[in-house]
Amino acid sequence: MSGALLDTHALYWLVSGTEQLATDALIAIGRGQRDGNLTVSPITAWEIALAARKTRNAPGLGDMLASDWFRAALRVTSATIAPINQRTAVEAANVVAATGHRDPGDCYLIATARVRKMAIITRDDAMREMSVSGYLEVIRC
């Protein structure tokens, strides 16, 4: 596997410092930054924008719009965007069929990691279960 994909919460915690990330995740992030293959999905921008609209447990973006926060997060982490192409979209549909997982954002993140053959940095329990069968490589954050 080469590179790492940050799950939405991993990106948020990395940038905001509101949660401590696991050592293995920090090592993978550092390697990804060094090698230029730390990635974020555009789905993360969508998830951040949706979360910012919540009245409870909304992420603290300060006075920034979600789009501005996302751009700044890419800058400070040196992450690049992993575009969603046709192959990724089809794989996202396959995730539902293969795993029963129905969260659309997660399906796109999982598909991106599988298509790009990279680990996903996450604390998501469902994704971590997928790693047990070898369906997905997960680095716990």
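Numerical summary
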read-out	value
Leading residue by the ranking (surrounded by the fewest Cβ atoms within 10 Å (Cβ to Cβ)) among those in region 101-129 that are free of Cβ contacts under 8 Å to residues at least 24 places away in the same chain and part of a loop (DSSP other than H, G, I, E, B)	R102
Matching residues, region 17-31, being part of a helix (DSSP H, G or I) and closer than 21 Å to D106 by Cα	A25, A28, I29
Region 28-43: number of residues that are of a type in the set (G, A, S) and without any contact (Cβ under 8 Å) to a residue 24 or more places away in the chain	1
Residue that is modelled with the lowest pLDDT, among those in region 38-50 that are within 13 Å of the chain's Cα centre (by Cα), in a helix (DSSP H, G or I) and closer than 18 Å to R75 by Cβ	I48
Extreme residue, surrounded by the fewest Cβ atoms within 10 Å (Cβ to Cβ), among residues of region 14-32 that are over 15 Å from the mean Cα position of the chain (by Cα) and under 16 Å from T80 (Cβ atoms)	G30
Of all residues making up region 1-37, the number that are under 15 Å from R114 (Cα atoms), of a type in the set (A, V, I, L, M) and modelled with pLDDT of 95 or more	3
Residues of region 55-64 that turn out to be surrounded by 11 or more Cβ atoms within 10 Å (Cβ to Cβ) and in contact (Cβ under 8 Å) with a residue 12 or more places away in the chain, as a count	2
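Yes or no, residue by residue, for (1) of a type in the set (V, I, T); (2) on the phi > 0 side of the Ramachandran plot; (3) modelled with pLDDT under 95; (4) over 14 Å from the mean Cα position of the chain (by Cα):
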| position | (1), (2), (3), (4) |
| --- | --- |
| R75 | no, no, no, yes |
| A79 | no, no, no, no |
| D106 | no, no, no, no |
| R114 | no, no, no, no |
| A119 | no, no, no, no |
| T122 | yes, no, no, no |
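The values are calculated or read from the model by the stated rules, or taken from the named source; none is laboratory data. Here the structure is a predicted model, which is why all the values come from computation and not from measurement. Quick reminder, even Gly has a Cβ in these numbers, built from the backbone with ideal geometry, and neighbours come from all protein chains shown.
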